[in-house]
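To start, the structure itself, in structure tokens.
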Number of protein chains: 2
Amino acid sequence: MIKPRTAPGVLELLPLDQIAFQGMLDTIRRNYERFGFLPVETPVMELSEVLLTKTGGETERQVYFLQSTGALAAAEPGATPELAMRFDLTVPLARYVAEHEHQLAFPFRRYQIQRVYRGERAQRGRFREFYQCDIDVIGKDSLSVRFDAELPAVINAVFSELDIGEFTIWLNNRKLMRGFMEGLGVADPERQTLLLREVDKLDKRGAEAVRETLTGADFGLSAAEAGRLLDFVQIRSSGHDDAIAKLDALGQGSEAFNQGIAELREVLELVRAFGVPESRYALNLSIARGLDYYTGTVFETLLDAYPQIGSVCSGGRYEDLAGNYTRSKLPGVGISIGATRLYWQLREAGLIDTASSSVEVMVAQLDEARLPQCLELAGLLRTAGINTEVQLEPKKLGKQLQHADRAGIRFVVMLGEEEEARGVVAVKDMRKQEQFEVARGELAKTLRVEIEQARAMGDARHD
Amino acid sequence: MIKPRTAPGVLELLPLDQIAFQGMLDTIRRNYERFGFLPVETPVMELSEVLLTKTGGETERQVYFLQSTGALAAAEPGATPELAMRFDLTVPLARYVAEHEHQLAFPFRRYQIQRVYRGERAQRGRFREFYQCDIDVIGKDSLSVRFDAELPAVINAVFSELDIGEFTIWLNNRKLMRGFMEGLGVADPERQTLLLREVDKLDKRGAEAVRETLTGADFGLSAAEAGRLLDFVQIRSSGHDDAIAKLDALGQGSEAFNQGIAELREVLELVRAFGVPESRYALNLSIARGLDYYTGTVFETLLDAYPQIGSVCSGGRYEDLAGNYTRSKLPGVGISIGATRLYWQLREAGLIDTASSSVEVMVAQLDEARLPQCLELAGLLRTAGINTEVQLEPKKLGKQLQHADRAGIRFVVMLGEEEEARGVVAVKDMRKQEQFEVARGELAKTLRVEIEQARAMGDARHD
């Protein structure tokens, strides 16, 4: 007898939790599709040679390699296996776009909702297998900054519908940051990265400690320069006009600096034109995103009531998606939602309701002789688009109702001798704890209306 | 520069193909949910010790093992890696049900739509990564044969909605087959398996060659016994009454024989009560399913016009799902659709239409000054549940229409100076090649109606 258990570092859910999680993925997908993004799925495994072109260090050490039994037996010690598992959806996207470049229409809007794999050290809230839900717009040769403004509109649609409280999309621009640092005399990109990394410790180490490092031997800024930098990164806007005013107040600087401001201004105006409420987007000049990858607009999304969760949706603009695979210049802008971690964190915070099933109706069995009639009723409900379970085995009614209750099924349909004689069925609403009768021919329509009303009043699963 | 390419043996699709494939998966999922099946997802990797308990031979040689960079470096030669990829969804289901046994309600109806991995020899139409779409009902201690009848009802719902032509669900029962072979004096299960394997070659080798083998040294049946066996496995019914009559004509036999007949009779009657048209189910006493796993009802599903595709949905009844993991007896019945292979075969047969996009409307850009109004229109369409792409970059209208046409987008919405002045928008229906005007306030409603009409006349994607 083997103890049944999952490998460490994975999130496996019980059915009602899976329904809630699936509802989250469906909401994300629906909104991605609403904005005209096209689905892409790539294989979980890629050729190592293709996947691991330039990623070095941290990521590469976390890659999972794949070997069939035969390959394992034939493997030479120390050799890199032929196949590896994707660790994100960006490298597969680059490979996909470069491989199918001539069959795709640009700008290419794609979404991809799949799991990725990282050989992380197992710890609470860290997963080795997790969903990423990505969208990217890829241009050929060039891509207007207008596309940068579409992504906050998508984020707004997704998180409004996820219904997990108010949120703020933070915007910044790497050109602006770069230009600002050039103004401080830090022109070397590597030193800029180090500087940003230092400034990123503001919350953790406090302003004084960071200021000391900035004016120390490593960076050698003057006290005034350090002060200007710390003031700069602490700029946050509140409302649309304030954002524009704060950009105006930055004045003029290097070409990159001015371009960053111009791009941010255009993105802010368009984000408003896309209908995103102004309470939901703001400038935050400390946002840099870890990756050196980003070159223009960068995004983070924070839940207002749960800042400790960190960014729930991040991304930005990059200049060249697939330089390893093609000579074509493919600039893009994208965002990613780490759905597994987000779900886990929302559940920890008590923000996920798992009380309702995807099953909407249970047809009880009061009497074995009426099983065919019950099957017929269930067929009518299903034809009307209602998810319906039938009790096929005879059990006490109390047990059947208990099952519906525990399973989160809202309606129980009952057909006994007496109901059949009168051409009606009895319906028990498990949520309202009410029972009513309805003519057989009206059953599907009546329940359809009830279910749609519950959905319209916020998703039925949030009651 | 690395050549961008996928590993051999995977199916990666272009966006319009992916939309068609995704539509197929959505249809399968929707119908599984319609019958009250609950979603389960399991991690792609399992502990090797748990996954590979008893599967030997063929399957084990095809397993992919997973090692992180660190594990690879530390691996001892010849040792089995700790992690392996699932090769089907049945072993993970067994592990899942045994692991969560006390948190699940039985009978447990679950569906699972995920990819599985097999280190197959790469060849056309054979995949190393492919989707399986499984449903199973698992009982605790016992499970009524009635559940066996629910699965043909699900198959009927799925394949009706997939709209790929008429199909027939073939039914048989392993007890009946076992009982029949006992009647021929073949009581040893291993010899029965060999016998079935021989009989399975009927189509390939022809009746005479098989008859010779059956009466030869290996099996030693008399000519009369071989004749009875060949007659038996060639029994097919045509219509419900004929199926019942053919069962009646089999007479009496061993206990297993009689029980098999009784089960088939009950299943057939209930399949009819579930509303499956009698043209869509039939007895076929040659169906055995390769696995020794099945113990009662077995199913295969054939497309009437494409028998050469083979079974597109198979399964059956088993006595003990999780004997390796728990002492509880967990009988079940299940079916599986190999969606990747099915999609590929249907596409080869020209049965998949990939002309329509998930994007329903494109808002063209006639004039940069009106971009905010275009964004507002798009917002209204999206709020009405219409998937809408906006042209954000100024291009010639001809180019924009060409894009909509190639991308399979049906409606193009245009707002110029003149339309704006009159409070209307112009709509071009790319499918009908018609253009009409509609009041701005009526746009979303009008297109919603058009789109729903197209859907109601068979899925819009099948036009």
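The values are calculated or read from the model by the stated rules, or taken from the named source; none is laboratory data. Quick caveat, the model's predicted, so the values are computed rather than measured. Cβ: placed from backbone, ideal geometry, glycine included. Neighbour counts: every protein chain shown.
Being buried (at least 22 other Cβ atoms within 10 Å of the Cβ), part of a loop (DSSP other than H, G, I, E, B) and within 28 Å of the chain's Cα centre (by Cα) is the requirement here; does A:L151 meet it? Reasoning before the result, please.
Numbers: buried (at least 22 other Cβ atoms within 10 Å of the Cβ): yes; part of a loop (DSSP other than H, G, I, E, B): no; within 28 Å of the chain's Cα centre (by Cα): yes.
Here the answer is no, as A:L151 does not meet what is asked.
Here is a list of conditions, (1) within 14 Å of chain A (Cβ to nearest Cβ); (2) out of contact with any strand residue (DSSP E or B) (no Cβ under 7 Å at 6 or more places or on another chain), and B:A305 meets all of them except one; can you say which number that is?
(1)
I'd like to know if region B:258-276 contains one or more residues that are of a type in the set (A, V, I, L, M, F, W, C) and closer than 25 Å to B:L202 by Cα. Steps first, answer last, please.
Here is the first cut: in region B:258-276, the residues of a type in the set (A, V, I, L, M, F, W, C) are B:261-262, B:264, B:267-268, B:270-271, B:273-274, B:276.
Restricting the remaining residues to those that are closer than 25 Å to B:L202 by Cα gives B:261, B:264.
The answer is yes; a qualifying residue exists.
Taking region B:361-393, which residues are in a loop (DSSP other than H, G, I, E, B) and more than 9 Å from chain A (Cβ to nearest Cβ)? Reasoning before the result, please.
At the first step, the residues of region B:361-393 found to be in a loop (DSSP other than H, G, I, E, B) are B:364-367, B:384-387, B:391-393.
Within region B:361-393, B:A364, B:Q365, B:L366, B:D367, B:A384, B:Q391 meet the criteria.
Taking region A:74-98, which residues are more than 9 Å from every other protein chain (Cβ to nearest Cβ) and part of a loop (DSSP other than H, G, I, E, B)?
Hits for region A:74-98 are A:E76, A:A79, A:R86, A:F87, A:D88, A:L89.
Residues in region B:56-70: is at least one crowded, with 20+ Cβ neighbours inside 10 Å, in a loop (DSSP other than H, G, I, E, B) and out of contact with any helix residue (DSSP H, G or I) (no Cβ under 6 Å at 6 or more places or on another chain)?
We begin by selecting, within region B:56-70, every residue crowded, with 20+ Cβ neighbours inside 10 Å; these are B:63-68.
Retained after the next criterion (residues that are in a loop (DSSP other than H, G, I, E, B)): B:63.
Pick out the ones that are also out of contact with any helix residue (DSSP H, G or I) (no Cβ under 6 Å at 6 or more places or on another chain) and you get none.
Checked against the condition, which is being crowded, with 20+ Cβ neighbours inside 10 Å, in a loop (DSSP other than H, G, I, E, B) and out of contact with any helix residue (DSSP H, G or I) (no Cβ under 6 Å at 6 or more places or on another chain), region B:56-70 yields no hits at all.
Let me spell it out: the conditions are (1) farther than 30 Å from A:Q123 by Cα; (2) in contact with a helix residue (DSSP H, G or I) (Cβ under 9 Å, 6 or more places away or on another chain), and A:R347 meets all of them except one. Which number is the exception?
Condition (1) is where A:R347 drops out.
I'm checking my understanding of the structure. Among residues of region A:272-294 that are out of contact with any Leu (no Cβ under 8 Å at 6 or more places or on another chain) and within 14 Å of chain B (Cβ to nearest Cβ), which one is surrounded by the fewest Cβ atoms within 10 Å (Cβ to Cβ)?
First, the residues of region A:272-294 that are out of contact with any Leu (no Cβ under 8 Å at 6 or more places or on another chain): A:272, A:276-280, A:289-294.
From what's left, within 14 Å of chain B (Cβ to nearest Cβ): A:272, A:276-277.
On the way: A:R272: 20, A:V276: 23, A:P277: 11.
Of everything passing the filter in region A:272-294, A:P277 is surrounded by the fewest Cβ atoms within 10 Å (Cβ to Cβ).
Out of curiosity, is A:A243 in a helix (DSSP H, G or I), surrounded by 14 or more Cβ atoms within 10 Å (Cβ to Cβ), aliphatic (A, V, I, L, M) and modelled with pLDDT of 95 or more?
On the way: in a helix (DSSP H, G or I): yes; surrounded by 14 or more Cβ atoms within 10 Å (Cβ to Cβ): yes; aliphatic (A, V, I, L, M): yes; modelled with pLDDT of 95 or more: yes.
When the stated conditions are applied, A:A243 passes them.
Considering only region B:1-57, how many residues are touching a Ser or Thr at 6+ places or on another chain (Cβ under 8 Å), within 7 Å of another protein chain (Cβ to nearest Cβ) and charged (D, E, K, R)?
4
Taking the options A:S336, A:S357, name whichever one is in a loop (DSSP other than H, G, I, E, B) and of a type outside the set (F, W, Y).
On the way: A:S336 fails: in a loop (DSSP other than H, G, I, E, B).
It is A:S357.
So, A:E266, is that one at pLDDT 95 or above and in a helix (DSSP H, G or I) or not?
So A:E266 fits the description; yes.
Identify all residues within region B:315-360 that are touching a Lys or Arg at 6+ places or on another chain (Cβ under 7 Å) and crowded, with 20+ Cβ neighbours inside 10 Å; write none if there are none. Walk me through how you get there before you give the answer.
Step one: filter region B:315-360 for residues touching a Lys or Arg at 6+ places or on another chain (Cβ under 7 Å), giving B:316, B:320, B:324-325, B:328, B:330, B:333, B:353, B:356, B:360.
B:G316, B:Y325, B:L330, B:V333, B:S356, B:E360, listed by residue number.
So which residues in region A:99-129 are in a strand (DSSP E or B), facing chain B (nearest Cβ under 10 Å) and over 19 Å from A:G36 (Cα atoms), if there are any at all?
A:R115, A:Y117, A:E129
Considering only region A:423-430, I want to know if a residue exists there that is in a loop (DSSP other than H, G, I, E, B), touching a residue at least 40 places away in the same chain (Cβ under 8 Å) and under 29 Å from B:L104 (Cα atoms). Working first, answer last.
Keep residues of region A:423-430 that are in a loop (DSSP other than H, G, I, E, B), which gives A:423, A:430.
Now narrow it down to the ones that are touching a residue at least 40 places away in the same chain (Cβ under 8 Å): none.
Looking through region A:423-430, none of the residues is in a loop (DSSP other than H, G, I, E, B), touching a residue at least 40 places away in the same chain (Cβ under 8 Å) and under 29 Å from B:L104 (Cα atoms).
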